[in-house]
Each structure stands twice: as C-alpha cells, then as structure tokens.
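Every number here is computed from the coordinates shown, using simple stated rules; none is lab data. Everything numeric in this text was worked out from a predicted model, so none of it was measured. All Cβ positions, even for glycine, are placed from backbone atoms using ideal geometry, and neighbour counts span all protein chains on display.
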Amino acid sequence: MTSNPEIWALLIGVNYYIRGKERKVYYKDLQGCVGDVSALRSYLQRRNARHIVALTSTKNPDSTQTGPVEEPSQLPTHKNVRDQLEYITQNSRPGDIVYFHYSGHGIRRRDREADDEDGDQISGTALALADVMDGGAYLTGYQLGVYIKRMVVEKQLRVTVILDSCFSGHGLRGPVLNYEEGYASRAGDADFDEDYLYSDEEADTVAFDLDPDYDDYMCMRDGTRVAPLSWLSDPSGCTVLTACQSDETAGELTFDGEPHGILTYWMLKFLTENSESSHPTYAKIRQYVKRNIKSRRPVKRQSPVLLGDINHTFLGQEQVVQQPVGHIIKFDPNKNFVDLDIGYAHGVAKGAIYDVFPEEENVGPDSVSNVKAYITEALLENPFQSKAELRYELEDSNSNIMACKKAGSIALLREWALRQNTYIDVSSLRKRFSSDRILDFKQKINRTPGLFLDSEIAVSGGEQETTLQLAPSLPTVADETSSEEDCNFKVVLNDEGYSEVYILKEQGYARMPRVPPVYLLDDGWEIKLPRILSHLARFEDILAIKSTTYAGETIPQSTKANTKHRILDTSMFSFRVNLSPEYGNQDEACDVDHFEFTKDSEAPNAFRASNDTYLQFSFEMNANCKYQSVYVSFYIFDASWGVSKVHPGPGQAHKVTKDIGTDVTVQMSIPGKRVLQDPEEITDIVRAFISTDDVDWEDITLPGLPSHACSVAPTIIAPAIVEDPTEQEDEAMGEEIDSSRSCSSSFEDEDDSSYISRNIRQGQHLKLRPRNLLQQCEWGTLDLKITTFPSTSF
C-alpha cells in the first residue's frame with residue numbers, strides 16, 4: 001500500500017440526452033448535472049486530486065444545432081465510461097483512492113415481482129448514459145459493480161460511488177418539471193425499460209467475462225430477464241451513497257442561481273464549508289444531507305442511502321466509529337431552551353444530559369463538550385421530540401455557545417435518565433456496611449435520575465415527577481427497608497464477597513447472568529456497582545419502550561388521538577425467523593451440518609438455535625396492511641446486556657413496501673461466562689422498530705457489559721446565561737431556524753418550478769409540506785426471542 005495515496009476521479013454529468021428511437025423510453029433533458037460535475041471538480045482540485053476525468057453531455061446553446069457540445073470522446077457513453085474505469089484500474093497504485101460520481105437519469109431495467117427476493121438498492125437498476133435513446137447501452141448496477149469490485153479486490157483501491165439519480169434504488173417515477181414551463185407531461189413513459197438491445201448484450205458480455213463470480217446470470221424467468229445481483233449492494237472496501245431510497249425521487253433545484261442535484265449540493269456544501277481537517281465520515285455526510293432535505297419537507301421524499309464502509313472518512317483511509325446523535329431542531333435565541341429530535345421512543349427521559357456540539361464537528365466516544373443539554377421534558381404527545389435547557393461554563397466563549405445553539409447542532413448522550421422509577425433492594429449490603437458507606441453508594445445511584453434505593457420508596461412515593469428532578473435530593477438512609485417485592489433489582493453479597501444482581505420477574509427474583517461481579521471488600525465498589533446497576537436499569541428501560549406505554553403506564557386515549565402520537569397496528573406485519581436459506585427449507589425442526597433450529601414451546605415468537613447458527617430475520621407487510629410503505633430497523637437486545645443495531649446502517653431505516661420486504665442474517669453466538677454459575681444457554685431478543693415515517697432509533701444503542709460499566713461520569717455544569725448577538729433578536733421561539741440561513745438559497749427561497757426530478761415520468765407540481773416533525777407518524781415494535789444453546793448439547 002502506498003503511504004501517500006493519490007485521488008482518482010471519474011465524474012459523469014448528463015444534461016443532454018441524444019435523441020433517438022431505439023427505445024420506447026424518452027429521457028427529458030436535465031439542468032444541473034453538468035453543474036454538479038463542475039462543482040465537484042473544483043472541490044477535488046482543492047483536495048489535491050491529480051487525476052480527474054469528466055464526461056459530460058451539454059445541450060448546444062445554438063438552437064439550429066443538434067447534439068451535445070462535447071466531442072464524442074468526452075461524452076458519457078458506455079464505452080467511454082468503461083475505458084476510463086479500466087484506465088484507473090491499470091494505472092493506479094494499491095491504496096489509492098477512487099471517486100466515481102454520476103449525475104443524471106436512472107431507471108429500472110426490469111419489473112418487480114411481489115415474490116422477488118433478489119431486490120436491493122442497486123441490482124436491477126441502470127444509469128441512463130447520454131446515448132441510450134440512440135441505441136447506446138445502459139450502465140447497469142451489476143456492470144458497475146463488476147468494475148468497482150476489480151478495483152477493490154484485485155488492486156486494493158478504496159472506492160467511493162455517488163449516484164445522484166433516481167433508481168439508484170428501485171423506484172416509482174415522480175414528476176418531471178421544466179424550468180421554463182414549470183411542468184411537462186410526456187405520453188408513452190414506462191415504469192421500467194425492458195428493451196434489450198445489442199449494445200446492452202455486448203456490455204453485459206464484457207462484464208460477465210470480467211466477473212469471476214458470474215454463474216449463469218443470463219437465465220430467464222417466465223420470459224423476463226433476471227437482473228444479476230450487484231456487488232455494490234453490499235460492498236467491502238467501498239462506500240456507496242445513493243440519492244434516494246427504493247421508491248423515492250431524486251431531484252434537482254436551483255441553489256444560488258444555479259441548478260444542482262439536491263444530494264450533490266448538500267454534500268458539497270457540508271464538505272466545503274467545514275474545515276478540511278475535520279475528515280467527516282460518510283455516515284455524517286448522509287446525516288447532514290438527510291436533515292437538510294427533511295427539514296424543508298418537500299412532497300417528494302428523498303432519503304439518501306449508504307451502503308458498504310459507511311464509517312470511513314470521506315476520501316480517506318481512516319475509519320471513525322461515530323456515536324449515535326440527536327439534533328437541535330428549534331431554539332430560542334434569547335433563552336437557553338431548545339427542542340431536540342429525540343424523544344421517549346428513543347429512551348429519552350427528563351433529567352438526561354447531552355453534550356452539544358456544532359453540526360460540523362465530528363464526535364466519538366471520547367468527545368466532551370462544555371455545552372450541555374439537560375432534558376426538561378420528554379413529550380408525551382410526541383414520542384420523537386423532547387425539550388432541554390442548555391447549560392455551560394461561565395468562561396466558555398460566546399462564539400462556541402452560539403455555534404452549538406442553532407438548528408442542526410449535535411446532541412450526544414452523556415448521562416441517561418430512566419423513564420420509570422426503578423428501585424434497588426440493598427438490604428444485604430446494609431448488614432455488612434456502615435450507614436456512611438451506604439449513603440456514599442446511594443449518592444452514586446442517584447446520579448441516574450429515576451434510579452433509587454429501597455429506602456427512597458416512601459420518599460419518592462413512586463411518582464415519576466419526583467423521579468425526574470435534574471438534581472435528585474439525597475435524604476438520609478432509613479433504618480427500615482421496604483419489602484423486596486417493591487424493588488426492581490436486588491443486590492446480594494455472596495459468601496465470597498462478590499455482588500450478585502437479581503431482577504424481579506412475575507415468578508419472583510431471578511439472578512441476572514453474565515453480569516460482571518464486583519468485589520465488595522475492595523475500595524471503589526461504591527463507584528463500580530452503581531454504574532453496573534445503572535446500565536442494567538437502562539437496558540430494562542429501553543426494552544420496555546412500547547408505543548402503547550410511557551414510563552410504565554398505559555398512554556391515555558386522549559394522547560393517542562393526538563396527530564403526533566399514533567399507535568401502529570403491528571398485526572398488519574409479519575416478522576419471522578428461520579435458518580439462513582443456505583440451510584434449506586425450515587418448516588420443521590432440522591439438524592444440518594451440526595446446526596439446529598426449532599420453535600420454542602414457550603411462546604409463538606420464541607425459538608431455539610444452536611451456537612453459531614445463521615438465522616435469517618424477515619419482515620414484510622401483510623396483504624391486509626393499509627399502508628403503502630413503512631420504515632423498519634432491526635436491533636438485538638443481547639445476553640451481555642447491550643443493545644445494538646443489525647440492519648440497516650447507522651442513521652438509516654429500511655423502507656419496506658407491499659411488494660418488497662427486507663431481511664437480515666445474524667450468526668447466533670454465546671458470550672463467555674462472567675461466573676461459573678452462568679447458564680450455558682443465553683437469550684437474545686431481536687426487535688423490529690416500525691414507523692410510518694423515516695425515524696432513526698440510534699439513541700437506544702447500549703454497549704454490552706462490562707465495557708461501559710465503569711466509565712467516568714461527567715462533571716455537572718452549573719447553568720449560565722450568555723448575551724446573544726443582536727442580529728438574532730428577531731427570531732422567535734418555536735420557529736425552526738434554517739441552519740443554512742447564511743446561504744442565499746434554500747428550498748423555501750425557490751419557486752416550485754425550479755425543481756426537476758431526475759426521472760422520466762409525468763406527475764403533479766411540487767409543493768412544500770408543513771415542517772412539523774413527524775406529524776402523522778405511527779410506530780410500534782415486534783419482537784422475536786431466540787434462545788441459543790451450545791452445539792455439543794445435542
């Protein structure tokens with residue numbers, strides 16, 4: 001690998017489509033694709049990219065002339081694109097960085113069947129190059145995957161692929177608007193292009209010959225050509241960013257007087273306005289683009305999708321695992337109160353503390369900010385929003401505070417609070433330790449709002465409002481203790497001097513397995529044990545999140561009727577688990593190559609699997625489902641008391657339609673024991689979070705014990721007030737502040753006629769939707785319980 005990697009770039013922009021009658025599909029000219037290429041070239045030159053090739057197609061301004069301005073060798077045709085990709089592969093060095101960007105139309109190359117399981121964001125789609133109407137070949141997702149895979153696997157290059165087009169995933173066409181006329185309809189459009197010309201066959205043949213994994217892809221199914229799967233659908237060593245999800249529309253707008261693709265514009269805005277040394281990850285870029293699109297709420301959804309190595313830095317070799325974050329969505333410039341886009345559905349509760357950073361700043365596990373957001377209210381009527389008070393050190397700079405105090409600023413969880421009162425029985429400890437030691441222990445417990453010792457039951461009265469004070473009071477330890485039935489957890493000191501933690505179940509107390517024991521005869525146990533108990537309480541608090549309950553109580557009917565809180569009827573969906581397809585049909589119990597999977601008699605949604613078994617979790621909409629689509633994310637509540645996301649990538653939810661479901665394969669494994677008494681078997685819960693709007697659930701993630709158990713707690717910062725700049729005095733509380741207000745253009749600044757969809761079907765004129773966040777969102781969850789046992793047990 002080279003220590004000084006060079007950047008190679010192939011930029012493709014198709015404004016003008018050469019006229020022809022070889023296909024039934026007609027591609028309307030676009031306006032912003034060549035501008036995308038020009039802006040990207042300028043950015044890459046500032047990044048010291050030495051090898052930049054642009055293939056563009058521009059309409060001749062002379063109305064008497066037909067055809068594009070560019071010479072044939074500079075046009076984005078299949079041969080020219082393929083030749084340039086091959087040149088990069090042959091002339092680059094291992095470790096170099098490759099950037100591929102396409103701006104133009106995209107299309108589906110085959111129709112979808114309801115039972116088709118081969119679909120993904122890339123396979124079955126194609127990029128419409130400049131001459132496709134005149135008989136030129138499409139660049140299909142499969143073909144591009146073959147060329148990129150050669151770069152990654154054979155040459156060890158790191159590749160970025162940006163597709164600013166419709167049908168970068170499967171999709172339905174939206175409107176095509178003309179800059180001069182505002183709207184243009186075209187008869188004869190099709191939802192997909194099934195024409196297979198000689199040029200397409202030739203292009204496929206070249207790709208097949210280069211693909212060592214090619215295996216009879218050119219099969220036929222009921223007379224319909226089956227598109228081969230694209231390597232780009234799940235790449236490694238490569239990052240793919242597409243403009244939109246499977247059935248959404250990628251569009252372009254006028255920004256600062258110039259048309260650009262919406263994805264390209266916001267991506268470049270983020271990259272150029274922030275320091276080059278910040279090295280944002282692809283996940284952060286997508287997050288920024290998504291937020292700026294969503295905050296303007298256009299009728300046509302456009303949610304960028306990331307595939308592959310999403311945590312690598314943009315055009316870099318580094319991998320940065322960024323923390324799940326929330327954002328400020330509203331603020332009062334004259335006061336220190338803000339609204340966040342995370343709520344009790346994400347495990348947010350009054351008393352939680354968040355670090356606040358400017359939007360452009362990269363944050364990680366060790367990031368700490370002097371500006372804190374103290375949650376003052378987790379809105380019952382809106383499960384996806386909360387209110388907070390900003391606090392900071394008196395000596396902190398005014399500029400830093402104002403950089404944090406704006407829409408888009410990042411909120412990173414520092415200290416959680418519990419949504420429901422949780423009590424711990426420590427009667428066993430009182431028999432061994434003095435009141436002073438117990439009081440010290442109690443003070444550490446009270447650092448987590450909502451977590452109490454048994455002696456505080458009478459003090460708090462079980463009332464949630466008392467539990468959620470920002471700074472819980474510290475009453476003296478009572479001599480008498482409550483009955484253990486009143487406590488959620490019980491700590492027992494065993495004969496060896498180690499702690500054991502028990503949890504209250506319907507049948508009584510049960511020991512919690514794989515909890516790190518704390519030696520209570522050593523100094524420091526008053527610090528370690530409270531953090532473990534806080535972690536376990538957080539786990540149970542997140543596990544209890546339901547759309548029908550809040551803080552352990554059923555949500556009132558009056559709140560359910562609120563337009564911002566709708567309970568999803570989960571009976572309209574199917575959430576199943578089975579052996580991964582490679583193990584065959586699993587209608588009955590099976591034993592294949594020492595793997596076993598059976599239904600558990602405990603419950604309809606409970607199953608048993610042997611260690612290391614690969615299970616496929618599948619989610620789909622039932623025939624009676626009233627929705628056209630929903631968003632789903634898969635999480636695992638594991639036996640190490642952690643919560644992790646397994647599908648899709650960070651900051652994303654998978655869109656499921658009536659025709660296309662989604663699935664994920666997980667290898668079941670048994671973590672090591674913490675003590676000899678831990679059972680051989682473990683139980684995981686796989687949960688599908690479902691919503692009718694694009695919701696992130698990242699804030700519920702929780703590292704497994706013991707890695708997080710003894711992390712250092714932050715210093716509580718006293719509140720302070722800072723004098724705000726006079727230019728912001730006219731902003732009123734409740735108005736959503738545009739994070740790009742300094743930029744002369746925004747969605748609302750443009751006439752609707754400035755929007756052009758990068759697709760080819762007629763539609764309605766665009767309008768902007770109200771900005772109320774997730775106003776009609778319905779949500780719910782479905783669980784599957786998996787017990788994993790050692791393979792040697794059968």
Write down the radius of gyration of region 1-41 and its Dmax, each obtained from C-alpha positions, in Å. 16.3, 50
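Ranked highest first by the average count of other Cβ atoms within 10 Å around their residues, in what order do 148-159, 426-437 fall?
On the way: 148-159: 19.7, 426-437: 15.2.
Packing proxy ranking, top to bottom: 148-159, 426-437.
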Is the shape of region 326-415 best called rounded, prolate or oblate, per the rule: a/c under 1.5 gives rounded, else a/b larger than b/c gives prolate, else oblate, with a ≥ b ≥ c the square roots of the Cα gyration tensor eigenvalues? prolate
Looking at the square roots a ≥ b ≥ c of the eigenvalues of the Cα gyration tensor of region 371-437, which shape do they give, rounded for a/c under 1.5, prolate if a/b is larger than b/c, or oblate? oblate
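Any idea what the dipole of region 326-415 comes to, in debye rounded to 20, about its Cα centre with Lys/Arg Cβ at +1 and Asp/Glu Cβ at -1?
My answer is approximately 240 debye.
Excluding Arg19 itself, what net charge comes from residues whose Cβ is under 12 Å from its Cβ, given Lys and Arg +1 and Asp and Glu -1? Before the final figure, lay out each step's value.
On the way: positive: Lys21, Arg23, Lys28, Lys59; negative: Glu22, Asp29, Asp131, Asp134.
In short, 0.
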Past 27 Å, Cα to Cα, is the threshold; run Lys505/Lys528; Lys269/Lys645; Lys444/Lys785; Lys505/Lys599 against it and keep the listed order. Lys269/Lys645; Lys444/Lys785
Starting from the Cα of Lys28, draw a straight line to each of the lysines and keep only those under 18 Å, dropping any in the same chain fewer than 8 residues away. Lys59
Within region 414-442, name every residue whose backbone N is under 15 Å away from a label modeled 7 Å from Cα of Leu521 along the Cβ vector. 432-433
Which whole-Hz couplings ³J(HN,Hα) result when phi for each residue of region 377-384 is put into the Karplus expression 6.51 cos²θ - 1.76 cosθ + 1.60, θ = phi - 60°, listed in order with x for Gly and Pro? 6, 9, 5, 5, 7, 9, x, 10
Which lysines, on any chain, are close to Lys155 with Cα under 23 Å apart, when same-chain ones fewer than 8 places away are left out? Lys79
Which order do the peptides 38-46, 505-513 come out in when sorted by mean C-beta neighbours inside 10 angstrom, highest first? 38-46, 505-513
Dipole check, region 9-88, charges on Cβ (K,R +1; D,E -1), about Cα centroid: among Val25, Leu55, Val37 the Cα furthest to the positive pole belongs to Val25
Order of 644-651, 415-422 by packing, highest average Cβ count within 10 Å first? 415-422, 644-651
For region 37-88, what does the alpha-carbon gyration tensor say about shape, rounded, prolate or oblate, given a ≥ b ≥ c as the root eigenvalues, a/c under 1.5 as rounded, and a/b over b/c as prolate? oblate
